[in-house]
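Below is one structure, written out as structure tokens; comments come after it.
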Amino acid sequence: MQTKVNVQYFAQLRELAGASACDIAIESGETAAQLYLRLAEQHGFPLSLSDIRVAINDEFTSTDYPLTGGERVVFIPPVAGG
Amino acid sequence: MASVECAIVDKSLDVVGLRESLPPHADCGGYVCFEGHVRDINHGRKVARLEYEAYDALALKEMRRICEEAVETFGVNWVRVHHRTGMLTIEEPAVMVQILSRHRAEAFDACRYIMNELKERVPIWKKEFYADGTTNWTRCSHAHMNY
């Protein structure tokens, strides 16, 4: 079933995607990892999946998380605070 | 009175105001404060300024979790962490950690723990603007955990 999620981008991913947030059509059950790989190809993200953490609805989660639609998804590149 | 305060702020950190606004702490003999300032060189490259960007909602949650871990692990009485976002100039404070505890040892330990974990876990990013006009999103750590 087709549905959609809201993807928010930060840092280099925001610059490469050219947007801070975007609604993306998905197939229900598509994992966060599958979505990242799709977006990485589309936007030329240089980071491999192993460099990325995933947050769903503002909480860290597994990259295997199966999306059902309506989630807020953030792909977190390596952090550099402090 | 163990308590935790965290904030992400887009204006200059008021380090004097933060120092002067400690909670009542008659039972605490140790106060440790750490400030991280913007350095003008990184990996041999001359840095002109920095931009910090945060995923505010999750960054605040994770900062609070780290501070609560520090309270639990080291038994300190009070922790406050303020982190900047936006454009920062050289020598400007980017982060301030303040800790009150009965004795100094646990406050030093908690401060080191909080800064180490913050750099590894909190979704905040840093873009360096170099003197030669180029830029780079720096990569202080591999953010991967056991998820």
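Nothing in this text is a laboratory measurement; each read-out follows from the coordinates by a stated rule. Predicted model only: the values in this text are computed from it and were never measured. Don't worry about glycine lacking a Cβ; one is built from the backbone with ideal geometry, like all the others, and counts go over all protein chains shown.
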In whole angstrom, note down how far apart the Cα centers of region A:10-82 and region B:1-30 are. 35
If amide H atoms are built 1.01 Å from N in the plane of the peptide, which residues on other chains or at least 5 residues away come under 5 Å of the amide H of residue B:78? B:3, B:100
Take every residue in peptide B:41-54, count the Cβ atoms of other chains within 10 Å of its Cβ, and give the average of those counts. 1
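Using the count of nearby Cβ atoms within 10 Å as a rough guide to exposure, how do A:75, B:129 rank from fewest to most?
Working: A:75 25, B:129 15.
Least crowded to most crowded, the residues run B:129, A:75.
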Apply the Karplus parameterisation 6.51 cos²θ - 1.76 cosθ + 1.60, with θ equal to phi minus 60°, to every residue of region B:112-127 and state each ³J(HN,Hα) to the nearest whole Hz, in sequence, with x for glycine and proline. 4, 4, 4, 5, 4, 5, 4, 5, 8, 10, 8, x, 10, 10, 10, 9
For chain B, built as a Gaussian network whose Cα springs stay under 10 Å, the top-fluctuating residue of B:67, B:33, B:111: B:33
Where does chain A land at 222 nm, in deg cm²/dmol rounded to the nearest 500, when only DSSP H runs of n ≥ 4 count, each adding -39500 (n - 2.57), divided by all residues? -6500 deg cm²/dmol
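Just from its helices, what would the mean residue ellipticity at 222 nm be for chain B, if runs of 4 or more DSSP H residues each count -39500 (n - 2.57) and the sum is divided by every residue, rounded to the nearest 500 deg cm²/dmol? Numbers along the way, then the final one.
Working: 3 runs with 43 residues, N = 147.
Only helices count here, giving -9500 deg cm²/dmol.
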Quick one: 3J(HN,Hα) in Hz for region B:95-103, Karplus 6.51/-1.76/1.60 with θ = phi - 60°, rounded, Gly and Pro as x. 8, 9, 10, 10, 9, 10, 8, 4, 10
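To make sure I understand, if each residue's beta carbon is the centre and we count other beta carbons within 10 Å, what order do A:4, B:46, B:126 fall in, fewest to most? Spell out each step's value before the answer.
Details: A:4 14, B:46 10, B:126 22.
In increasing order of surrounding Cβ atoms, one gets B:46, A:4, B:126.
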So, with points 7 Å from each Cα along the Cβ direction, the residue A:24-residue B:69 label distance in nm works out to 2.8
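Charges at C-beta only: +1 for Lys and Arg, -1 for Asp and Glu. How large is the resulting dipole of region B:1-122 about its Cα centre, in Debye rounded to 20? Spell out each step's value before the answer.
Numbers: 16 positive and 20 negative charges, 54 e Å.
It works out to roughly 260 debye.
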In whole Hz, with x marking every Gly and Pro, tabulate ³J(HN,Hα) for region B:43-53 from phi via Karplus 6.51 cos²θ - 1.76 cosθ + 1.60, θ = phi - 60°. 6, x, 9, 6, 9, 8, 6, 10, 10, 9, 10
Please compute, for peptide B:117-128, the average count of beta-carbon atoms on other protein chains lying within 10 Å of each residue's beta-carbon. 5
What average count of beta carbons from other chains do you get within 10 Å of the Cβ of residues in A:3-12? 3
Contact order relative to length of chain A, as percent, for alpha carbon pairs under 8 angstrom and 6 or more apart: 37
Could you pull the Cα extents of the protein assembly as shown along its three principal axes, largest to smallest, in whole Å? 61, 43, 26
Provide the descending list of Cα extents for region B:26-76 along its principal axes, expressed in whole angstroms. 44, 29, 18
Which three semi-axes in whole Å describe the equivalent ellipsoid of chain A, each the square root of 5 times a Cα gyration tensor eigenvalue, listed largest first? 19, 14, 12
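With N denoting the number of residues in chain B, provide Rg(C-alpha) divided by 2.2 N^0.38 Å, to two decimal places.
Working: Rg = 15.9 Å, N = 147, 2.2 N^0.38 = 14.7 Å.
Expressed relative to 2.2 N^0.38 Å, the Cα Rg reads 1.08.
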With Cα springs under 10 Å, the Gaussian network model of chain B assigns the largest mean-square fluctuation among B:23, B:93, B:123 to B:23
